[in-house]
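A short write-up of the structure that comes next.
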Amino acid sequence: MHSLILLLSLTLSAGFQTSSALYLEPCSTYISLNEPWRNTENHINDSLGALKCDNDMDGQWYRFTGMSGDAMPTFCIEENFCGTHAPIWLNGSHPNVSAGIVSIEACASFNNNCCLWSTIIDVKACPKGYYVYRLPKPNYCFHAYCGHFYDICDEADCVGTCSGLEECHCTEGTVLGPDGQTCLDVNECEVNNGGCSEICHNLKGSFQCSCMAGHVLSNDHVTCEDIEGCHYNNGGCSHVCTTGDDGYHCECPRGLVLSEDTHSCLVPVQCKSDSIEVSVPKDLIGGLELFLLNSSCQGLSNGTHVNINFNLKTCGTVVEVVDDKIIATNTLTGIPKQTPGSNGDIIIRTSKLVIPIVCEFPRRYTVSEGYVPNSLNSQLEIMSRNHGRFPFALEIFKSKEFDEIYRDAPPVLKLRDSLYFGIEPLMHVDGLQALVENCFATPSPKSDDIMRYYLIKDGCVSDDAVKQQSSRDHLAKHFYVPVFKFVGKDNKKVYLHCRVLVCGALDERSRCSQGCRARIQRSSETEDTGHLRNHVLTGGPIVIDTE
């Protein structure tokens, strides 16, 4: 049971009143986590009651007390400890008092992976020798934060006359904590990756190196070498290793696909604009039922595969902006099927089937106006194993209400008319914002036409006649401008092309938050457009009636 400890010290001076918000010092205002099941010694096979999940955390400050432990462990905790399936531990060293509040990665261990999931938490060392943690709600169940009892240091040996002021010393792999008596684990992986050439795992009092797929640890236990055949560790292949005249290579069972590392077999994922589709061979899952993060989203069997369909807004899907990508993640978990006479409890104690699902969408898009119902007017949708397009369309509207688009035929407009156009999301997702970086017109369907006229450039309106209209959807952008045509009697059509950028809604430093920005030389910010995958949808045209 959590108990709230609130110690406030307020000093009021006569005639003085502050308008700033009251700051609560984390070291004196925290929630105590004292549940015995949180301790690293607690294995779920030995514990009573249901599996634990910290889905009630809300980003408050917490302290580990009582039988839960002294502090969070800073070394990998095996799965099925701390009263849960995926225990969360601190992947970094505790700070000292002078460091203040420090952000450190926290990892959840599962399926023989010390950091299958991760998040960032805030940690502060308090002057009285304990630590407090700002703990966010985990994205998944069953995840819970661990506490650990650290060893108490031994007094230094004293020969002859002893003063009683001898300092404590800790064993190798630990360091004295701020209370002067607790020996905290040293994270060797924080310095030079522990000397490991590839992966470093921090353990209690020590560390261990490991290698990525296709490599093996050499005799020095820190260097990784290429596997030269199937005879050792199955060639690093997750499933089938075969040898031929050209060496060895990995293969996958029917229904799985080989990943980019050429050694691991993955479940194929189709990332569409309006749905994410996963198909798992029944031979892989045996007698398990498949659920997404929201357990109401279950897989359906067609006899050979178990299929599950969802989208960016359903089934607990998490959407984040990371670097140049929008990343949507979910997790497919296998749970043993219930048998007649069971008590109805759903747990995953006997299952280790965890299938992370990741769809990546580029943040930037070049979209062109397309309204004629033909093959050129395809939707923003590219299917692949784990890449897709975030769904946007450039539409021409019939009026300033922006509620009806041209569908059956291209618009025919006069020079006296107004052109109403806008960027429309085909799916409404919270937590994101969009910026129209560039919009330009061409007399042909080609977005690289040398004859072009900019309406919007670098997020700024280039033509003063362009006006923006507010929209109900935060991702939609609506504009209107007097109709124009290109010089030349043969130029009776106009095509629009817009470049759209998607960012996190709460990222105040993102390009979307900057809005209008004049083009400057930014050699340090040169964008690698090669991996942004700018696709152009070409359609149209807008026909200009000059008579």
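Summary of computed values
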read-out	value
More than 26 Å apart - percent of Cα-Cα pairs taken over the range 31-145	12 percent
Interchain or long-range residues, amide H under 5 Å from Gly205's placed H	Val186
Neighbourhood charge, 13 Å Cβ-Cβ cut-off, centred on Val280 and excluding it, Lys, Arg +1 and Asp, Glu -1	-1
Candidate residues His239, His201: accessible-area rank, largest first, probe 1.4 Å	His239, His201
Extension gain from Glu190 to Ser118, taking 0.36 nm per residue of separation minus the Cα-Cα distance	24.3 nm
Cα centroid of the range 70-126 to Cα centroid of the range 449-466, whole Å	50 Å
Solvent exposure ordering (accessible area, 1.4 Å, most first) of Arg452, Arg254, Arg63, Arg511	Arg254, Arg452, Arg63, Arg511
In Å², nearest 10: area of Lys325 left accessible to a 1.4 Å probe	70 Å²
At R0 = 25 Å, FRET efficiency that the Cβ-Cβ distance of Val97 and Phe149 yields, to 0.05	0.70
Hypothetical label at His43: residues of the range 83-98 whose amide nitrogen lies under 17 Å (7 Å Cα-Cβ projection)	83-87
Volume per residue that the Cα convex hull of the range 99-154 spans, once the total is divided by residue count, Å³	119 Å³
Using distinct alpha-carbon pairs, which all enter the 1/r mean, Kirkwood radius of the range 229-327 in Å	15.7 Å
Long-range amide H partners of Ala106 with built H, under 5 Å	Asn91, Thr119, Ile120, Ile121
Net lengthening on full extension, Asp507/Arg416 (0.36 nm per residue, minus Cα-Cα)	28.6 nm
Radius ratio Rg over Rh of the range 178-294, counting only Cα atoms, Kirkwood formula for Rh	1.12
Per-peptide average of other Cβ atoms within 10 Å, ordering 261-271, 314-324 highest first	261-271, 314-324
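The values are calculated or read from the model by the stated rules, or taken from the named source; none is laboratory data. Since this is a predicted model, take the numbers as computed values, not measurements. FYI the Cβ positions are ideal-geometry reconstructions off the backbone, even for glycines, and counts take in every protein chain you see. Protein only, heavy atoms only, side chains kept; ligands, DNA and RNA dropped before computing areas. Shrake-Rupley method; radii C 1.70, N 1.55, O 1.52, S 1.80 Å.
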